[in-house]
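The numbers here are math on the coordinates, done by the rules we state, and not lab data. On a predicted model such as this, the values are computed, not experimentally measured, just so you know. Here Cβ is always computed from backbone atoms with ideal geometry, including for glycine, and neighbour counts include all displayed protein chains.
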Amino acid sequence: MHWAVTTYDTAFGYVSAHGAPLVDLLDPQPGEKIIDLGCGTGAFAAEIAERGAAVLGIDGSPEMIAQAKALHPELSFAIDDAHCFTTSESFDAVASNAALHWMTRDPDAVIARVHESLRPGGRFVGELGGEGNCAELIVAMQTAWRVFGLSEPELPWYFPSPAEYAGRLEEGGFTVRLLEHAERPSRMVEGPNGAADWIRVYAPGALAEVPPELVEPLLQRVNDLAAPALRRESGWVADYVRLRFAAVRKADGSSSVY
Ligand SMILES: C[S@@+](CC[C@H](N)C(=O)[O-])C[C@H]1O[C@@H](n2cnc3c(N)ncnc32)[C@H](O)[C@@H]1O
């Protein structure tokens, strides 16, 4: 028997998702219309476009979209909220990298908007922080805030378990083809000062209520608390845990056949 190796490796649902580029799981085809939801400055949208698909990048941040347009003038971008965006045409796929865990207001509303924008059979492929993401970082933050007599920091993320997110996708009219929940320790590239720099970039809201004179000692305490778990000889590592999924929009009115 001859295996079609390329297809086996990359075809939807069979790709070895862990560690492979998300774009390979999406597997964009020339001529497909694909949304990059929470596109940021458009790097992932550009990867999708390189495979010949027509991409629309959507992001709620005007600053991100301005930068995306400047960096990738040949691509289409729009400012919109993932909880309520609408499209005038059907898309073949919606992809999202490192963005769905920021869309905390109503994850079901985001899934409903994605469903609405896809043709039946269209793909929804994404990667987000999963349950346990940044657990060491978060415990270090919460402990430091307590030590300084501050109330617990407001954290801006939603890190669902695989079971929870699969349930939401199924309830939302999708068939889940692949779902992976994997540890992905990653070098912190945000700055030399470890967890402190990471918080300034990814959780600046948590610092908003902190008296200015406490910010530096508070962040230093976070570093002290997080260092045993997250500082390596080669540098700081974030304890990322990722949820990666690929789902297909069910045909309208379809039911499972056993
Ligand atoms: C960490 S960035 C990821 C950007 C990009 N996908 C990437 O891979 O580099 C998260 C992005 O999600 C966007 N975002 C967060 N909440 C959003 C929402 N409700 N609607 C649309 N975009 C949102 C942010 O503006 C930000 O650009």
- Task: Quote the relative contact order of region 52-139 in percent (integer), defining contacts as alpha-carbon pairs under 8 Å separated by 6+ residues.
- Result: 27 percent
- What is the chain's relative contact order, in percent, from Cα pairs under 8 angstrom and six or more apart in sequence? 20 percent
- Query: Which FRET efficiency, nearest 0.05, do Ala54 and Arg168 yield, Cβ-Cβ r, R0 25 Å?
  - Reply: 0.35
- Note on the structure: Whole-Hz Karplus couplings 3J(HN,Hα) for region 216-221, θ = phi - 60° and coefficients 6.51, -1.76, 1.60, Gly and Pro as x, run 4, x, 5, 5, 5, 5
- Query: Per residue and in Å³, how big is the convex hull formed by the alpha-carbon atoms of the chain?
  - Reply: 163 Å³
- Task: Give me the distance between the Cα centres of region 51-124 and region 185-206, rounded to whole Å.
- Result: 26 Å
- Query: For Asp24 and Val139, what is the calculated FRET efficiency with R₀ set at 30 Å and r taken between the beta-carbons, to the nearest 0.05?
  - Reply: 0.35
- Message: With a 10 Å cut-off between alpha carbons and a GNM built on the chain, which of Ala54, Ala45, Ala20 moves the most?
- Response: Ala20
- Rounded to the nearest 5, what is the percent of antiparallel bridges among the DSSP beta bridges in the chain? 55 percent
- Taking Cα atoms, how many degrees apart are the long axis of helix 162-171 and the longest axis of the chain, rounded to 10 and kept between 0 and 90? 40 degrees
- Query: How do 100-110, 177-187, 124-134 rank on mean C-beta neighbours within 10 Å, highest first?
  - Reply: 124-134, 100-110, 177-187
